[in-house]
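The values are calculated or read from the model by the stated rules, or taken from the named source; none is laboratory data. It should be emphasised that the depicted structure is a prediction, and the values quoted were computed from it without experimental measurement. Glycine also receives a Cβ, built like all others from the backbone with ideal geometry; neighbour counts cover every protein chain displayed. For accessibility, only protein heavy atoms count, side chains too; no ligands or nucleic acids. Shrake-Rupley method; radii C 1.70, N 1.55, O 1.52, S 1.80 Å.
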Amino acid sequence: MLLEEIPSLDLNEFNSGDPVRKAKFVQDLGNAFNTIGFVAVKGHGLSDDFTKKLYQEVEQFFQSSDELKQAYEVPGIAGQRGYVGKGKETAKGFKVPDLKEFYHVGQKHQDDGDSVWSEYPENVFPKEYPDFETYTVGAYQTLENAGKSLLRAIALYLALPEEYFEDKVKNGNSILRAIHYFPIPNPDALPEGAVRAAAHGDINLITLLMGASAEGLEVLRMDGKWIPITALPDQVVVNVGDMLDRLTNHHLKSTIHRVVNPPREKMGTSRYSIPFFMHPRSEMDLTCLESCVSVENPKMYTDMSAGEFLTERLIELGLKK
């Protein structure tokens, strides 16, 4: 059955301690991923008030001067932390850069002896806006927790041990990306094919996107039809990324989506969006699970680690040389 809208689920059902409600959540999540590829989830732990303040901080930063923003652009780290300016990211297979600028926040370094910290650049935060750090890091930690619960549900759906992903995402290379799709004062001057975000699949295991109610986000349904995605303000929208697609040998399919340009009369307005890209540790093995390979469904992907796959994709996106 092809869905016209994305199913809504409540993460509290999964964490309820009631085996029946938990099992139903697992089934519903898997079904949603297999029919439309997106699911709207509440019970993720972000309050409306917190989200509102987070967006205020993000908007304030992006409305600053280019000079201020560029002070937080870090050379040599492929845009993995801090500010990434306009025209820097081009979707895989496209010639024209996306019409956006963004800011990346990663894991907060801890002094726990984990070897993974040497791989990650330190976060940078705009000192002009002291609350920017508080709210972005708070959102990161809340969404990472919600993501871990969702991965436990996905593990059960795949008939794996519930804890399968736990050690693989501990101090994982996840990224909170605050995006500003900037106003286009003169639409006629746009290069041909330039859009806010060209059709793409996400690199990571799963993506949790808050504030997905702003119009423009569309998902490519299994039959090739583009469906607009709207979610209620208290929901985050969750989709499968390329790493989970590889791991499951395309059993859970990476969701192709895009952000289309607004109608002409709204081209002069900004759109803000804050996805959380859930990544594992770089050493995670993305070799297709044996349970997902069969005579009918032969192995589709070459074996590689999450770190190798990320590097390959950053080069394709033009962020890494």
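Taken together, the criteria exclude Lys127 from residues that are in a loop (DSSP other than H, G, I, E, B), touching a strand residue (DSSP E or B) at 6+ places or on another chain (Cβ under 9 Å) and either at pLDDT 95 or above or not polar (S, T, N, Q) (or both). If you filter segment 60-74 down to residues that are assigned to a loop (DSSP other than H, G, I, E, B) and open to solvent by 40 Å² or more (accessible area, probe 1.4 Å), you find that the one that is modelled with the lowest pLDDT is Val74.
Applying the criterion of being modelled with pLDDT under 95 and more than 14 Å from Tyr181 (Cβ to Cβ) to the residues of segment 92-106, the residue that is least open to solvent (accessible area, probe 1.4 Å) is Val96. For segment 29-46, the criterion of being over 24 Å from Lys170 (Cα atoms) and more than 22 Å from the chain's Cα centre (by Cα) is met by no residue. When the criteria are applied in full, Glu133 fails the requirement of being of a type in the set (Asp, Glu) and more than 24 Å from Arg81 (Cβ to Cβ).
Conditions (1) at pLDDT 95 or above; (2) open to solvent by 20 Å² or more (accessible area, probe 1.4 Å); (3) of a type in the set (Lys, Arg); (4) over 20 Å from Thr90 (Cα atoms), marked per residue:
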| residue | (1), (2), (3), (4) |
| --- | --- |
| Met278 | yes, no, no, yes |
| Asp285 | yes, yes, no, yes |
| Cys288 | yes, no, no, yes |
| Pro298 | yes, yes, no, yes |
| Asp303 | yes, yes, no, yes |
| Leu310 | no, yes, no, no |
| Arg313 | no, no, yes, no |
| Glu316 | no, yes, no, no |
| Lys320 | no, yes, yes, no |
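In this structure, Asn171 does satisfy being part of a loop (DSSP other than H, G, I, E, B) and closer than 30 Å to Leu9 by Cβ.
For segment 220-247, filtered to residues that are β-branched (Val, Ile, Thr) and not in a strand (DSSP E or B), the residue that is most open to solvent (accessible area, probe 1.4 Å) is Thr230.
Quick check: is even one residue across segment 56-75 among the hydroxyl-bearing types (Ser, Thr, Tyr), in contact with a strand residue (DSSP E or B) (Cβ under 8 Å, 6 or more places away or on another chain), within 14 Å of Ala178 (Cα to Cα) and in contact (Cβ under 8 Å) with a residue 40 or more places away in the chain? Full working, then the answer.
Step one: of segment 56-75, the residues among the hydroxyl-bearing types (Ser, Thr, Tyr) are 64-65, 72.
Those left that are additionally in contact with a strand residue (DSSP E or B) (Cβ under 8 Å, 6 or more places away or on another chain): 72.
After this cut, where a residue has to be within 14 Å of Ala178 (Cα to Cα) as well, the list is 72.
Checking the rest, the ones that are also in contact (Cβ under 8 Å) with a residue 40 or more places away in the chain come to 72.
There is at least one residue in segment 56-75 that is among the hydroxyl-bearing types (Ser, Thr, Tyr), in contact with a strand residue (DSSP E or B) (Cβ under 8 Å, 6 or more places away or on another chain), within 14 Å of Ala178 (Cα to Cα) and in contact (Cβ under 8 Å) with a residue 40 or more places away in the chain.
Scanning segment 1-14 for residues that are open to solvent by 30 Å² or more (accessible area, probe 1.4 Å), in contact with a helix residue (DSSP H, G or I) (Cβ under 6 Å, 6 or more places away or on another chain) and not charged (D, E, K, R) yields a total of 2. The set of residues from segment 259-292 being closer than 23 Å to Arg152 by Cβ and part of a loop (DSSP other than H, G, I, E, B) comprises His279, Pro280, Arg281, Ser282, Glu283, Met284, Leu286, Thr287, Cys288, Leu289. Return the residue satisfying two criteria in turn: it lies in segment 15-55 and is of a type in the set (Gly, Ala, Ser), assigned to a loop (DSSP other than H, G, I, E, B) and in contact with a strand residue (DSSP E or B) (Cβ under 7 Å, 6 or more places away or on another chain), and of such residues it is most open to solvent (accessible area, probe 1.4 Å). Among them, the one singled out is Gly43. Pairs linking a residue in segment 174-192 that is over 30 Å from Met284 (Cβ atoms) and part of a strand (DSSP E or B) to a residue that is open to solvent by 10 Å² or more (accessible area, probe 1.4 Å) and aromatic (Phe, Trp, Tyr), with Cβ atoms under 9 Å and 6 or more positions apart or on different chains, are His180/Tyr272; Tyr181/Tyr272.
For every residue, the table says whether it meets (1) in contact with a helix residue (DSSP H, G or I) (Cβ under 7 Å, 6 or more places away or on another chain); (2) assigned to a loop (DSSP other than H, G, I, E, B); (3) open to solvent by less than 60 Å² (accessible area, probe 1.4 Å); (4) modelled with pLDDT under 90.
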{"residue": "Val58", "(1), (2), (3), (4)": "no, no, yes, no"}
{"residue": "Gly76", "(1), (2), (3), (4)": "no, yes, no, yes"}
{"residue": "Gly79", "(1), (2), (3), (4)": "no, yes, yes, yes"}
{"residue": "Tyr83", "(1), (2), (3), (4)": "yes, no, yes, no"}
{"residue": "Asp112", "(1), (2), (3), (4)": "no, yes, no, no"}
{"residue": "Trp117", "(1), (2), (3), (4)": "no, no, yes, no"}
{"residue": "Thr134", "(1), (2), (3), (4)": "no, no, no, no"}
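Can you tell me which residues in segment 195-219 are under 16 Å from Asn261 (Cα atoms) and part of a strand (DSSP E or B)?
Step one: list which residues in segment 195-219 are under 16 Å from Asn261 (Cα atoms), which gives 195-200, 212-219.
The answer is Ala197, Ala198, Ala199, His200, Leu217, Glu218, Val219.
Of all residues in segment 145-176, those satisfying the criterion of being closer than 13 Å to His279 by Cα and small (Gly, Ala, Ser) are Gly147, Gly172, Ser174.
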